[in-house]
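Here's the structure, in structure tokens; my notes come after.
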Amino acid sequence: MADISAVQTAAEVIRRNIEKVIVGKPAVIDLLIVALLTPGHVLIEDVPGLGKTMLAKSLARSLGCSFQRVQFTPDLLPSDITGVSIFNQKTQEFEYRAGPLMAQIVLADEINRAGPRTQSALLEAMEERQVTVDGITRPTPQPFLVLATQNPIELEGTFPLPEAQLDRFLLRVSVGYPEVEEEREVLRRFREVDPLVELRSVVAGEDLVRLSQVCRTVYVSPAIETYILALVHATREHTALALGASPRGSLALSRTAQVLAAMRGRSYVIPDDVQLLIGPALLHRLILSSQSRLRGKALNDVLQEVIEKVPVPVEESWSEPRL
């Protein structure tokens, strides 16, 4: 429990630090921390001006990790992000010049504006946690987290992410518009000084790796496992969906639920943890059938039907049984 308490404390410290910049988005911040500790990559999707890039920068500055931002454009080449080998005339040898993917936190801004070749290079780094340049494979540093942003409205000159790459993102989150009083606070907070400039790191990178291992020890009861599998299988059987969630979706839901439980100070997962993460973990892994799209059905509605259909397990205690 002491280790679980350390996870809870670290998550609270990171959340408070980010909230010095980001106003009124505790649920979104928690999802980013969940991805950080799982670990896994996050796709932040929303219209321009809602603070997607600011949110990613705030998370990076809160951690004692190296950070690189890449503005994705149609002319961006794979070597621009993976790095290149340059011939050194003094040593008569090729030297590797690392690209931004060799940072611990990578912000891929407007990811869908890059071409398929560059997206494929990013895909290798996300999935395999390595980059290959001139036939030589190099591991990315640990921890390694890609925070990608995407504008779902302005689609001219974009290359939609393939399903294989979408499936590599652990979570997809949406920032959403602020309430009136939250937006008033934004105006006041940024009036005289940019709070992002004064933000300092509060958790070291090596601590994140250790805390991530602690989260893996959180107990998932057989009833919770059955609940997760029932939810995922229900997406595969729903008539409104052409494609349901993959086994990677089951794994994402289980692992993120472990992290969320630890962040809340528990050594075991409860159904509430799973239900909170169903949308962010599964929505981007689902594809509506052509008939459902013609009828104007939304993925959110279909997933809600799945949640209501699958019975929630009931037990007196979800904690690990004592021997």
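The values are calculated or read from the model by the stated rules, or taken from the named source; none is laboratory data. Not measured: the values here are computed from a predicted model. Neighbour counts run over all protein chains shown; Cβ positions are idealised from the backbone, glycine included.
Every residue, every condition in (1) without any contact (Cβ under 8 Å) to a residue 60 or more places away in the chain; (2) over 19 Å from residue 42 (Cα atoms); (3) assigned to a loop (DSSP other than H, G, I, E, B), yes or no:
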residue	(1), (2), (3)
229	yes, yes, no
245	yes, no, yes
248	no, no, no
260	no, no, no
283	no, no, no
292	yes, yes, no
306	no, yes, no
### Task
Look through 91, 158 and report the one residue that is in the same structural domain as residue 73 (by TED's automatic domain parsing), of a type in the set (S, T, N, Q), more than 28 Å from residue 62 (Cα to Cα) and surrounded by 15 or more Cβ atoms within 10 Å (Cβ to Cβ).
158
### Task
Exactly one condition in (1) crowded, with 22+ Cβ neighbours inside 10 Å; (2) at pLDDT below 90; (3) outside any strand (DSSP E or B); (4) of a type in the set (Val, Ile, Thr) is not met by residue 53; state its number.
(1)
### Task
Residue by residue through region 81-114, note down the ones that are in a helix (DSSP H, G or I) and over 24 Å from residue 205 (Cα atoms).
111, 112, 113
### Task
Return a yes/no flag: does region 244-251 have any residue that is touching a helix residue (DSSP H, G or I) at 6+ places or on another chain (Cβ under 9 Å), within 20 Å of residue 11 (Cβ to Cβ) and not hydroxyl-bearing (Ser, Thr, Tyr).
no
### Message
I need a count of the residues in region 185-219 that are β-branched (Val, Ile, Thr), in contact (Cβ under 8 Å) with a residue 12 or more places away in the chain and over 30 Å from residue 140 (Cα atoms).
### Response
1
#### Entry: Top-ranked residue in region 3-43 [being in a helix (DSSP H, G or I) and of a type in the set (Gly, Ala, Ser); ranked as surrounded by the most Cβ atoms within 10 Å (Cβ to Cβ)]
35
### Message
Quick check on this structure: which one of 138, 172 is modelled with pLDDT under 90, of a type outside the set (A, V, I, L, M, F, W, C), surrounded by 12 or more Cβ atoms within 10 Å (Cβ to Cβ) and touching a strand residue (DSSP E or B) at 6+ places or on another chain (Cβ under 6 Å)?
### Response
138
### Query
Applying the selection to region 184-194, what residues are assigned to a helix (DSSP H, G or I) and either more than 15 Å from residue 54 (Cα to Cα) or hydroxyl-bearing (Ser, Thr, Tyr) (or both)?
184, 185, 188
### Filtered residue count, region 175-200, keeping only those that are touching a helix residue (DSSP H, G or I) at 6+ places or on another chain (Cβ under 7 Å) and either exposed (fewer than 12 other Cβ atoms within 10 Å of the Cβ) or over 30 Å from residue 253 (Cβ atoms) (or both)
3
